[in-house]
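The block underneath contains the structure these notes are about, expressed in structure tokens.
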Amino acid sequence: MHMSDALISPAVGGGFWVVSTGAIVYAATRLRKESPAGAPAIAGVLAGFVFAAQMINFAVPGTGSSGHLGGGMLLAIVLGPWAGLIAVASVLMVQALFFADGGLLALGCNIFNLGVIPSLLVAPLLPVLSASGRDSQQPGLAGGVGAWFALMIGAFMVTIQTLLSEKTALPFSLFATAMLGIHAAIGVVEGVVTALVVAYVARGRVAEMRHPWRRRHGLASCRRAASIPVLPGEGPTAPRLAAVFMVIAIMLGTTVSWFASTQPDGLEWAIERIHGEAELAADEAGIAARLGRLQERASFLPDYAFPASAEEESGAESWPVVDAGRSLSGLSGALITISLVFVVAGLLMRRRPIAPTA
Amino acid sequence: VDPRALLLATLALLVALAAESRHAVVSLPPFALFPLHLVVLGRIRLGLLGRRMLVALPFLAIMALPAPLLETQRVPTPWGECALGWFTGASLLGRGVIAISAALALSTILDIPRLGAGLRGLGCPAALVTQLSLLERYLLLLGDEATRIRQAARLRALAGAPGLRLAAAMLAALLGRSIDRAERIHLAMLQRGFTGLLPHPPLAPFRRADAVYLAGWLGFVAVLVLMRPFDGMIGRIP
């Protein structure tokens, strides 16, 4: 899933360099504050683990091919967000500089997609996923689901970065479908292996982790490995995390909406082919028509743009369509979605309070 | 050559290469001069470079192949008309070959200690440079560990690649041993007065020759970007 230099423009590459560098500098500062001498040696050795783990190939069921672990999420789980990000970044630097796996200009994008997303966005959410207690299945499950989500968000970011760079003519919907489809399958394998590894460690099946001395005095990394980061004061706090998600959602909402295709989408296209007209003639009197009118009145920005915007009058549309109406639609869509998520999460959390596990 | 000069020159070239239009084909070959000079500078065997390139190219090929089907607009060439997409595809592959060979050649010339020194000279966070050096130091050691685990599985009459469950058990064992080793190393380093950052030898001064080298490549890239000497040539699509 590494981005290549041939696919990105200087603006996108440079932009993500700035974002990723900022994240690394912040993580390095936090790490130094939290464990002045502790983490670097552990993080360094465990970054080596990612390469070693990639030497252990396994048969992917049902395909006849073999694969290996990506390992980004596992590192984030074992090391926690800050050391995890630095370890993944170093792995990606070595991959870019010594194996030409992902480009140098694209390094910023790759650190963001494979490092910042699993370490800073997904890993801090895992305690919520595995919150219900000390049952050894839970951390594994949370780790697996986290690995899948991290990979999917990363794959989606690859699509966005490639299309913003405009180095290929692939339409957004086609590219996004292909990327997300392939990575949904890859992610299942990555998720299952991550889940099994975390569960093995959490269940105390790994001899090195059972040592009584390590249980009592072991470093934070080992405790985390056995119970997934749940120590207070680690990782971004919930409000800060919410702020990060807000910024990303707003960025996506305002910019990605320009790329929402002006061409008919797959379903519309299929209908057009079958019926020879763009939309099925609506039943004028039926309940569908009444619902349609209701929807029209309720949606305050139908079809993602202000009514009768300039593009309709000019006739010819360019793509991407940089348009305030679309941005506003995307923005409000993102805000509505976020509020919904918060409401649902609030309801769920009130029903089952999170048991402290540390 | 100073690692800082090498890194900056490579980055400048890659940025200029990325700034080329997605249909650019004729203007690409001059960019190949940079990886070629690295090959000469590092006395790199072309066969090795080619083999490692083959591993990296398939993804780009997949991205480039559908281009002629997507951009069907006809454009004139000296050999008759063809679809614009052929230029997009060729440009993608060309840029890929140049960028990948530059990175590979650079990696052959710079080892991790020199790379770390260069990065530190360019203001990279010390924690990251320490991390890189530690990664390099323990990479092979853990690789041996993985080989031993794999060997043990094979000796117990396992044919082919293990299934997911067994692989996860092997990975968990590897993770356990890695954490074990990391902890021992960490304690040993603490006892020897490790403060969180590895001491680095002072960087060699940036000599005049390095400055001339860097200025030369930056000038070359600037000429390619600003003067556009290939504008108006056949086959260059605006």
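The values are calculated or read from the model by the stated rules, or taken from the named source; none is laboratory data. Please read all numbers here as calculations on a predicted model, not as lab measurements. Glycine also receives a Cβ, built like all others from the backbone with ideal geometry; neighbour counts cover every protein chain displayed. Keep in mind that these areas ignore ligands, DNA and RNA; they rest on the heavy atoms of the full protein, side chains included. Shrake-Rupley method; radii C 1.70, N 1.55, O 1.52, S 1.80 Å.
Quick look at the values:
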| item | result |
| --- | --- |
| Residue in the stretch B:13-25 that is at pLDDT 80 or above and among the polar types (S, T, N, Q) present | no |
| Tabulated pairs, the stretch A:1-23, first open to solvent by 10 Å² or more (accessible area, probe 1.4 Å), second in a loop (DSSP other than H, G, I, E, B) and acidic (D, E), C-beta under 7 angstrom, 6+ apart or interchain | A:H2/A:D101; A:S9/A:E166 |
| Cβ-Cβ under 6 Å pairs, at least 6 apart or on other chains, the stretch A:56-79 side on the phi > 0 side of the Ramachandran plot, far side buried (at least 23 other Cβ atoms within 10 Å of the Cβ) | A:G71/A:V50; A:G71/A:A53 |
| Cross-chain or 6+ apart pairs with Cβ under 9 Å, the stretch B:100-119 first and within 19 Å of B:L139 (Cα to Cα), then of a type in the set (S, T, N, Q) and in a helix (DSSP H, G or I) | B:I112/B:S133; B:P113/B:S133; B:L115/B:S107; B:G116/B:T130; B:G116/B:S133 |
| Subset of the stretch A:162-180 [open to solvent by less than 50 Å² (accessible area, probe 1.4 Å) and not in a helix (DSSP H, G or I)] | A:K167, A:T168, A:A169, A:L170 |
| Some residue of the stretch B:13-24 being open to solvent by less than 30 Å² (accessible area, probe 1.4 Å), away from every other protein chain (no Cβ under 13 Å) and not hydrophobic (A, V, I, L, M, F, W, C) | no |
| Candidates B:E71, B:E183 - the one that is touching a His at 6+ places or on another chain (Cβ under 9 Å) and of a type outside the set (A, V, I, L, M) | B:E71 |
| Inter-residue pairs, beta-carbon under 9 Å, first closer than 16 Å to B:P66 by Cβ and in the stretch A:161-181, second open to solvent by less than 50 Å² (accessible area, probe 1.4 Å) and of a type in the set (D, E), 6+ apart | A:A169/B:E71 |
| Some residue of the stretch B:190-212 being closer than 30 Å to B:R51 by Cα and at pLDDT 85 or above | no |
| Residues located in the stretch B:186-209, provided they are part of a helix (DSSP H, G or I) and under 25 Å from B:L128 (Cα atoms) | B:H186, B:L187, B:A188, B:M189, B:L190, B:Q191 |
| Checking B:F34 against (1) away from every other protein chain (no Cβ under 11 Å); (2) open to solvent by 20 Å² or more (accessible area, probe 1.4 Å); (3) in a helix (DSSP H, G or I), the condition it does not meet | (2) |
| Filtered residues of the stretch A:89-103 (kept if among the aliphatic types (A, V, I, L, M), within 10 Å of chain B (Cβ to nearest Cβ) and either surrounded by fewer than 24 Cβ atoms within 10 Å (Cβ to Cβ) or assigned to a helix (DSSP H, G or I) (or both)) | A:A89, A:V91, A:M93, A:V94, A:A96, A:L97 |
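Let's see how each residue does on (1) farther than 28 Å from A:F172 by Cβ; (2) among the charged types (D, E, K, R):
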site	(1), (2)
B:D2	yes, yes
B:L14	no, no
B:E20	no, yes
B:S27	no, no
B:V40	yes, no
B:L65	no, no
B:G96	no, no
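Residues are listed down the side, and each one gets a yes or a no for (1) closer than 27 Å to A:G191 by Cβ; (2) facing chain A (nearest Cβ under 7 Å); (3) not charged (D, E, K, R):
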residue: B:L122; (1), (2), (3): no, no, yes
residue: B:Q131; (1), (2), (3): yes, yes, yes
residue: B:L134; (1), (2), (3): no, yes, yes
residue: B:M170; (1), (2), (3): yes, yes, yes
residue: B:A188; (1), (2), (3): no, no, yes
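Residue by residue, here is whether (1) within 7 Å of chain B (Cβ to nearest Cβ); (2) open to solvent by 10 Å² or more (accessible area, probe 1.4 Å); (3) under 19 Å from the mean Cα position of the chain (by Cα) holds:
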position	(1), (2), (3)
A:K33	no, yes, no
A:A47	yes, no, no
A:A52	yes, no, no
A:S65	no, yes, no
A:G80	no, no, yes
A:I86	yes, no, yes
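Conditions tested, residue by residue: (1) among the hydrophobic types (A, V, I, L, M, F, W, C); (2) open to solvent by 60 Å² or more (accessible area, probe 1.4 Å); (3) within 11 Å of another protein chain (Cβ to nearest Cβ).
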| site | (1), (2), (3) |
| --- | --- |
| B:T10 | no, no, yes |
| B:V26 | yes, no, no |
| B:G42 | no, no, no |
| B:L49 | yes, no, yes |
| B:M63 | yes, no, yes |
| B:L70 | yes, yes, yes |
| B:W86 | yes, yes, no |
